[in-house]
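Nothing in this text is a laboratory measurement; each read-out follows from the coordinates by a stated rule. This one's a predicted model, so the numbers in the text were calculated from it and none came from an experiment. Cβ sites come from the backbone with ideal geometry, for glycine too, and all protein chains shown count toward neighbours.
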Amino acid sequence: MLKELEQARHKIIDEMHRVIVGQDEIIEKILIGLFAGGHCLLIGVPGLAKTLMIRTLSKILDLKFKRIQFTPDLMPSDVTGIDVIEEHPESRQRNLRFIPGPIFANLVLADEINRAPPKTQAALLEAMQEYQVTVGGRTYQLEKPFLVLATQNPIELEGTYPLPEAQLDRFMFSIYLDYPDTDEEKKIAETPLFYAMPEVSPVLNGEKIIQFQQLVRDIPVSDFVISYAVNLVRNTRPNNGQCPDFIKDYVSWGAGPRATQYLIIAAKTKAALRGDVNVSVQDIKYVAGGVLRHRIFTNFTADADGIDSGKIVEKLLELIPESA
């Protein structure tokens, strides 16, 4: 079955490249999030095809897809759904009927998530963590697989609401999209605006994705790799007496235990996607940036010195010995 997953990965990437130019590493990390069952936050300037990438993926996976455009006036009920009063035409008896919101899908695109106020952002918390929605005191289960892919514009600050720490922690990955290289941008420039996008073919369905997710969870991980992941996360915390000095100087809060869990499951998925059951420290290192960046909170000293959480993770990966 691992071979089947590896083949599915290649087919998905081939189909994605019919529409998307480049962005191989971004696609790889989104696939890791998908098969690990973890939500992803995509951060990049406008025009990098974040929305197009997610919409194309939904077609390839043959999943129920919904897009929510987050705006300052978006209400929680616009996301989760709402109870409406319905009158029976004969008995005139009135009952409440639940109308599901766009969160009831397999793949949900939360576009420009930081444009909505915290109250609306919080409407996603229960869905992302518990795979359910509570409206009017009643709980409704979400159909699996369920994945939230949110986008965020890092350069536009006016009219935005930064995601609180509890919301950020629900995302397994924070994925930063950079500008394309010269050759990729030439290919993009050759593509006319508003042209009809190529059709993509479905590769997987929801049932198969759930099977692959279970396969990933069943992959064993050695104590050596787990110890490295635990040591890496613990060294992000300034109150840990054994952490490097630069952590104490630049970090106000480090990553919590959920980060370790995500490191392990993401590393398992990375290994499974190449058809391997041997999870290595290199797999942990590959996913560490995406898992830890949004869980490390820097202080004013770091801001003054131009140090962000990404640079801190890179330095930790250089310093933390694999044998620890």
- prompt: For the residue pair D183 and H10, what label-to-label distance in nm results when each label sits 7 Å from Cα along the Cα-to-beta-carbon direction?
  reply: 2.0
Top of R18, R97, R115 by mean-square fluctuation, Gaussian network on the chain, Cα under 10 Å: R97
Per-residue HN-Hα couplings for segment 75-82 [Karplus 6.51, -1.76, 1.60; θ = phi - 60°; Hz; x = Gly/Pro]: 9, x, 5, 5, 9, 7, x, 8
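Provide the gained length on full extension for the span T301 to E25, in nm with one decimal, where the gain is 0.36 nm per separating residue minus the Cα-Cα distance.
Working: separation 276, 0.36 × 276 = 99.36 nm, distance 3.15 nm.
My answer for the length gained is 96.2 nm.
Summing -39500 (n - 2.57) over the DSSP H runs of n ≥ 4 in the chain and dividing by its residue number, what mean residue ellipticity at 222 nm do you reach, to the nearest 500 deg cm²/dmol? If you can, show how the numbers build up before the last one.
Numbers: 15 runs with 145 residues, N = 324.
Calculated from helices alone, the mean residue ellipticity at 222 nm is -13000 deg cm²/dmol.
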- prompt: Mean separation of Cα pairs under 8 Å and 6+ residues apart, divided by the residue count of segment 250-298: what relative contact order is that in percent?
  reply: 58
task: Considering Cα pairs under 8 angstrom that are at least six residues apart, work out the relative contact order of segment 13-133 and quote it in whole percent.
output: 25
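Given the Cα-Cα distance of A122 and L319 and 0.36 nm per residue of separation, how much length would full extension add, in nm?
Values: separation 197, 0.36 × 197 = 70.92 nm, distance 3.65 nm.
Value of the extension gain: 67.3 nm.
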query: Tell me, what HN-Hα J-couplings in whole Hz come from the Karplus equation 6.51 cos²θ - 1.76 cosθ + 1.60 at θ = phi - 60° for each residue of segment 4-12, using x for Gly and Pro?
result: 5, 5, 4, 5, 4, 4, 5, 5, 4
- prompt: In terms of modelled amide H atoms, which long-range or inter-chain residues lie less than 5 Å from the amide H of V135?
  reply: Y140
task: Kindly write out, for segment 279-295 in residue order, the coupling ³J(HN,Hα) from the Karplus curve 6.51 cos²θ - 1.76 cosθ + 1.60 (θ = phi - 60°), rounded to whole Hz, with x marking Gly and Pro.
output: 7, 10, 4, 5, 5, 4, 5, 5, 8, 4, x, x, 7, 9, 3, 8, 10
field: Convex hull volume per residue in cubic angstrom - Cα atoms of segment 219-319
entry: 87
task: Show the residues, 5+ positions off or on another chain, whose built amide H is closer than 5 Å to the amide H of R67.
output: L109
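Segment 88-134: which GluC sites (Glu not before Pro) are DSSP loop and have at most 12 other beta-carbon atoms within 10 angstrom?
Loop-located and lightly packed - E90.
Pairs to check: K119/K270; K3/K285; K59/K315; K11/K66. Give those whose C-alpha atoms are more than 31 Å from each other in this structure.
Pairs exceeding 31 Å: K119/K270; K59/K315.
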query: Counting other C-beta atoms within 10 Å, which of I113, I188 has the fewest, and how do the rest follow?
result: I188, I113
field: Value of relative contact order over the chain, rounded to a whole percent, pairs C-alpha under 8 Å and six or more apart
entry: 22
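Order these peptides, 296-305, 235-244, by their mean beta-carbon neighbour count within 10 angstrom, highest first. Spell out each step's value before the answer.
Numbers: 296-305: 14.4, 235-244: 15.9.
Per-residue mean Cβ counts within 10 Å order the peptides as 235-244, 296-305.
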statement: Mean Cβ-within-10 Å packing, highest first, puts peptides 275-281, 310-316 in the order 310-316, 275-281
statement: the chain, Gaussian network, Cα under 10 Å: of K248, K186, K144, the residue fluctuating most is K186
task: Take the chain, drop everything but the C-alpha atoms, weight them equally and run the Debye formula without solvent; then report log10 I(q)/I(0) at 0.14, 0.16 Å⁻¹ to two decimals.
output: -1.19, -1.46
